[in-house]
Every structure is written in C-alpha cells, then in structure tokens.
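The values are calculated or read from the model by the stated rules, or taken from the named source; none is laboratory data. Everything quoted here is computed from the prediction, not taken from an experiment. Don't worry about glycine lacking a Cβ; one is built from the backbone with ideal geometry, like all the others, and counts go over all protein chains shown.
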Amino acid sequence: MKRTTAGVLLAVVALTLTACGEEKQPAGADVVQTGAATTGAPASAAPEADVAADVKVTKCGSNSYTPKITIEVTNSTAEDARYAVTIAIKDADGKPSGEALFAKNRMTPGQKVTEEIPGDTPVKGKITCEVARAKRLPPK
C-alpha cells in the first residue's frame, strides 16, 4: 500500500512540474535587431524581419539629461497582437548608455501607435537610438 501511494504521489508531482513549463511562443515572436528595424523590410520577408519592420525610431534626442525617444509601432499582421520593444541608447562616443521601453497589450491589425518614451538613464550630450529588441506576442 505504501509503495502504491508513493508511486501515485510521485506521478502527480511529475505531472505538476511538467505543466509548469514555459509558455510556447509563435515562430518569430522574439527578434533581436540592431539598426535594421529603422529601414523597413519588404512584406515578403521572414516573420522575424516583419516584427523589426513594425518598429521605427522617429526621434532620438535629449532634454537636458533625460533621453526622449519617439517610436512608431504598426501592427502589420491580420490579427490582434501585443508588442514589447527595447530601444538601445548610446552616448556621443557610441557607448551603451541606457534603454527605453515600449509595451502595448493589444494592437488591432493595421493600428499605428506613436509614443514618446523616456530613457532609463540620464545622458549628457548627443545620443543615438536603435531598436535592440522587438517582440510580437499574442494579445492579453
């Protein structure tokens, strides 16, 4: 009896741990891009390129010490989507100096969002900005 109970308990624990795995994302949901996202990509490109093409840095400047970046994100898919974007900020010497984050829980097909986002670290002088990471996920 003890052996059967222990076996059932072990099976339940194993199934529970298996169910706690990471949620699977669709192909191309996580893309790492540097610079190329601002040039745009043809509609026939791979899904990874499509996510990068959905994001464009339209302004990159600093107000005193606070970086202010304006980005434009367009849902180019035929379904609702959630976007998470990281913009890399570099100082005048080209050294990494922080980042700015954008997140939108639901964007409808064709929807375009333009938003000014602040950088996370004060930077003195001229800055440059580029898309470091862009994710398109199922909507919440």
Verdict on V32 being at pLDDT 90 or above, within 18 Å of the chain's Cα centre (by Cα) and aliphatic (A, V, I, L, M): no
Scope the stretch 107-125; condition farther than 20 Å from K56 by Cβ and either among the basic types (K, R) or surrounded by 12 or more Cβ atoms within 10 Å (Cβ to Cβ) (or both); matching residues: D120, T121, P122, V123, K124
Meets criteria (modelled with pLDDT of 95 or more and over 18 Å from the mean Cα position of the chain (by Cα)) for K90: yes
Residue count for the stretch 51-69, restricted to those that are closer than 12 Å to G119 by Cα and buried (at least 16 other Cβ atoms within 10 Å of the Cβ): 5
Test: A78 is in contact with a helix residue (DSSP H, G or I) (Cβ under 8 Å, 6 or more places away or on another chain) and closer than 25 Å to K140 by Cβ: no
